[in-house]
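Structure first, commentary second.
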Amino acid sequence: MKLYHYCLSGHAHRAALFLSVAALPHELIEIDLAAGAHRQPEFLALNIFGEVPVLDDDGIIIADSLAILVYAARKIGPSHWLPNDPVVEAKIQRWLSVAAGKIAYGVCAARLITVFDAPFDADEVIERAHATLAAMEQTLEDQRWIAGTNEPSIADIALYSYVERAPEGNVSLYGYPRIRGWLRQIEGLPGFLPFQRTRAGLEA
Ligand SMILES: N[C@@H](CCC(=O)N[C@@H](CS)C(=O)NCC(=O)O)C(=O)O
């Protein structure tokens, strides 16, 4: 498998992290977003939206980080990452939706301001980030993993990268002890792959 990747992208990181913890052999191919490599025709042929990550599994092309998590989880066969039980799968999907929505427009957007000079309203996205973190903190009160599973699922992987780097976007994790514990649990998984740090925001 080849994963088209960019080292500062949390979307790309969540895909790379899952391939790593699921022990799926793969090669990382860096797409230099700063140099516009994602707007070249060869890359647009892989993903019409011109975004990383994209997975190439021997000619099967899967674009979108969450689609990659689902594909890779199904590829390894039945496992705790994405069980077949409809109720459990729906609970996991609910948090994948949070990763695609509230996280993208919250902690991720806040980091885009400080790391990539994105022209967003910092107060608005930081407030949204804290609302999502507060809901996650409350959810983790009586469960170890975010979707209520006994073992980690792809929902935990999907949420990890941008939540862990939230301070780079001036979103402190100080008030969220359960989230910090949950992050450390993910970091303790065999095959864990760290997300590159940037000196920005509260990490500057
Ligand atoms: N929904 C996509 C979003 C991916 C995404 O936003 N990737 C960003 C990097 S974090 C990107 O490639 N941006 C390039 C651009 O928009 O010019 C996914 O989950 O993979």
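The values are calculated or read from the model by the stated rules, or taken from the named source; none is laboratory data. Quick caveat: nothing in here was measured; it's all calculated off a predicted structure. Cβ sites come from the backbone with ideal geometry, for glycine too, and all protein chains shown count toward neighbours. We work out accessible area using only protein heavy atoms, side chains counted, and drop any ligands, DNA or RNA first. Shrake-Rupley method; radii C 1.70, N 1.55, O 1.52, S 1.80 Å.
Expressed as a fraction of 2.2 N^0.38 Å, the rule-of-thumb size for a compact globular protein of N residues, what is the C-alpha radius of gyration of the chain? Display every interim value, and only then the final one.
Details: Rg = 16.4 Å, N = 204, 2.2 N^0.38 = 16.6 Å.
For the chain, the normalised Cα radius of gyration comes out at 0.99.
Share of the range 14-64's accessible area from carbon and sulfur, percent, 1.4 Å?
That share works out to 56 percent.
Run through the range 170-204 and list the chymotrypsin sites (Phe, Trp or Tyr not before Pro) located in a DSSP loop whose Cβ has at most 11 other Cβ atoms within 10 Å.
Y174
Please list the non-local residues whose amide H lies under 5 Å from the amide H of F120, H modeled 1.01 Å from N, same-chain partners needing a gap of 5 or more.
Sorted by chain and number, the residues that satisfy this come to none at all.
Gap in Å between the Cα centre of the range 28-44 and the Cα centre of the range 151-185?
Here the two parts' Cα centres lie 28 Å apart.
How many percent of DSSP beta bridges within the chain run antiparallel, rounded to 5? Let's see the in-between values first.
Numbers: 7 of 11 bridges.
Around 65 percent antiparallel, to the nearest 5.
Residue-wise, which Karplus ³J(HN,Hα) couplings in Hz belong to the range 157-172, taking 6.51 cos²θ - 1.76 cosθ + 1.60, θ = phi - 60°, and x for glycine or proline?
5, 4, 8, 4, 4, 6, 5, 5, 9, 3, x, 4, x, 6, 10, 6
Rounded to a whole number of µm²/s, how large is the Stokes-Einstein D of the range 86-203 at 4 °C and 1.567 mPa s, given Rh as the Kirkwood radius over C-alpha pairs?
In µm²/s, the coefficient is 90.
Keeping all protein chains in place, calculate the accessible area per residue for the range 22-95 (probe 1.4 angstrom), answer in Å².
For the range 22-95, the solvent-accessible area averages 58 Å² per residue.
In sequence order, what are the phi-derived ³J(HN,Hα) couplings for the range 56-72 according to the Karplus relation 6.51 cos²θ - 1.76 cosθ + 1.60 with θ = phi - 60°, rounded to whole Hz, with x for glycine and proline?
Rounded to whole hertz, the list is 10, 9, 6, x, 8, 9, 10, 9, 4, 4, 6, 4, 5, 4, 5, 4, 5.
Do the sum for the chain: with -39,500 (n - 2.57) for every DSSP H run of n ≥ 4, divided by all residues, what is the mean residue ellipticity at 222 nm, to the nearest 500 deg cm²/dmol?
The helix contribution divided over the chain gives -13500 deg cm²/dmol.
As an exercise, use a Förster radius of 30 Å and the Cβ-Cβ distance of R94 and S172 to find the FRET efficiency, rounded to the nearest 0.05.
The value I calculate is 0.70.
Could you name the lysines whose alpha carbon sits less than 16 Å from that of K2, not counting residues in the same chain fewer than 8 places away?
List returned: K75.
How high is the FRET efficiency from I61 to E124, r the C-beta distance, R0 30 Å, rounded to 0.05?
After rounding to 0.05, the efficiency reads 0.30.
Per residue of the range 177-189, in order, report the coupling 6.51 cos²θ - 1.76 cosθ + 1.60 (Karplus, θ = phi - 60°) as ³J(HN,Hα) in whole Hz, putting x for Gly and Pro.
x, 6, 5, 5, x, 5, 4, 5, 4, 5, 5, x, 6
Straight distance only, please: which aspartates and glutamates reach the Cα of K102 with their own Cα at less than 14 Å, same-chain residues fewer than 8 apart left out?
E124, E127
Please report the antiparallel percentage of the DSSP beta bridges confined to the range 2-75, to the nearest 5.
Roughly 65 percent of the beta bridges in the range 2-75 run antiparallel, per DSSP.
Given points 7 Å out from each Cα along the Cα-Cβ axis, report the V87 to E30 separation in nanometres with one decimal.
4.7
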